[in-house]
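Every read-out reported here was derived from the displayed coordinates using simple, explicitly stated rules and does not represent laboratory data. These numbers were taken from a predicted model, which means no experiment stands behind them. Every residue, glycine among them, receives a Cβ derived from its backbone with ideal geometry; neighbour counts consider all protein chains shown.
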């Protein structure tokens, strides 16, 4: 009887309106919350051509291009901060000639933007850009006198302005009415020559240097730049960049142009083909020509670099 009474009592307690059920909920919080977006992409392009008993002739050659693109982007509410590092280095080995450089780039970009609300596409921005190279450059086949070197030149842009960002279409436009451009030529021989627009050395009648050439040149002017990056077809990514700069004090209206165009075509996860071009016009960079067996300096010219490659790519 006692057992029966206990069971009835327990049932009444379980179904009484005043009873409450306790539910244990376990919530696992993430270890950390990050607002950084990270992308690392490295690649290796290899082009090779070989001849054996080829009736029309030709030279065996191998070209290798190593490249990397690393981005760190911070996005939170009204803040947008993009950092990008681009590195490239290419060499070519051809039968009957020494090893030659085909590509050489070290570029770091950093743009910080702040907007008043989370709806507007316009940001108050500050931009920093640094661009140089890894090794000496030569006017082949002459390899005794370098025409460029690490930090000779190096270009530094630092300015403030406004930026228009459309993430949905991959468009970015930056407008700055106040940008400082510093050109560094930290190679003494090139500085004495007045390369890349710096002040050349002063010499006496016998060619002895009286005053060494300047290793830097500073300008203040207007910078307009843009980037358009988006997938235009399946497995085809377009990356187009344009930079326009003119100095207020020295020949205002002479515009330095840097235009880059790249198409990355994905074959599979690890194999990509790419087509690109780079057009540069800088009023301070003088070209040279050979006239009557003598090398003379002439005015600035349009510089063009074209690229076509197939190789391995890995993104992590």
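Among the listed values [x] 24.2; [y] 21.7; [z] 20.4, the one computed from these coordinates for Kirkwood radius over Cα pairs in Å is [x]. Counting every other Cβ atom within 10 Å of each residue's Cβ, 249, 44, 223 order from fewest to most as 249, 44, 223. Taking a ≥ b ≥ c as the square roots of the eigenvalues of the Cα gyration tensor, region 99-253 is classed as oblate, since a/c reaches at least 1.5 and a/b does not exceed b/c. In the chain, the DSSP-assigned H stretches of four residues or longer account for a calculated mean residue ellipticity at 222 nm of -2000 deg cm²/dmol, using -39500 (n - 2.57) per stretch and the full residue count as denominator.
Using the Cβ-Cβ distance between residue 79 and residue 203 with R0 = 51 Å, the FRET efficiency computed as 1/(1 + (r/R0)^6) comes to roughly 0.45.
Counting beta carbons within 10 Å around each of 54, 81 and listing the fewest first gives the order 54, 81. Distance between the C-alpha centres of region 227-251 and region 44-98: 20 Å, rounded to the whole angstrom. Relative contact order of the chain: 10 percent, from C-alpha pairs under 8 Å at least 6 residues apart in sequence.
Across region 27-122, the mean sequence separation of Cα contacts (distance under 8 Å, 6 or more residues apart), normalised by length, yields a relative contact order of 23 percent.
Of the residues 182, 39, 162, the one that moves most in a GNM of the chain with alpha-carbon contacts below 10 Å is 39.
Got a sec? Which residues in region 171-189 would a label at residue 145 touch, if it sits 7 Å along Cα→Cβ and we count backbone N under 17 Å? From region 171-189, the list is 187-189. Distance between the modelled labels on residue 232 and residue 38, one decimal in nanometres: 3.2 nm (7 Å Cα→Cβ projection). Largest GNM mean-square fluctuation among 266, 107, 118, using the chain with Cα springs under 10 Å: 118. Look at 104, 45 and count the other Cβ atoms within 10 Å of each Cβ; fewest to most, that gives 104, 45. The distance linking region 102-127 with region 179-197 is 26 Å (Cα centroid to Cα centroid, whole angstrom).
Springs join every pair of Cα atoms under 10 Å in this Gaussian network model of the chain, and among 68, 194, 170 the largest mean-square fluctuation is at 170.
Relative contact order for region 110-161: 36 percent, from Cα pairs under 8 Å spaced at least 6 residues apart, divided by residue count.
For a paramagnetic label modelled at 7 Å from the Cα of residue 312 toward its Cβ, which residues of region 219-237 fall within the zone defined by backbone nitrogen distances under 15 Å? Within reach of a label on residue 312, which here means backbone N under 15 Å from a point 7 Å along Cα→Cβ, region 219-237 contributes nothing.
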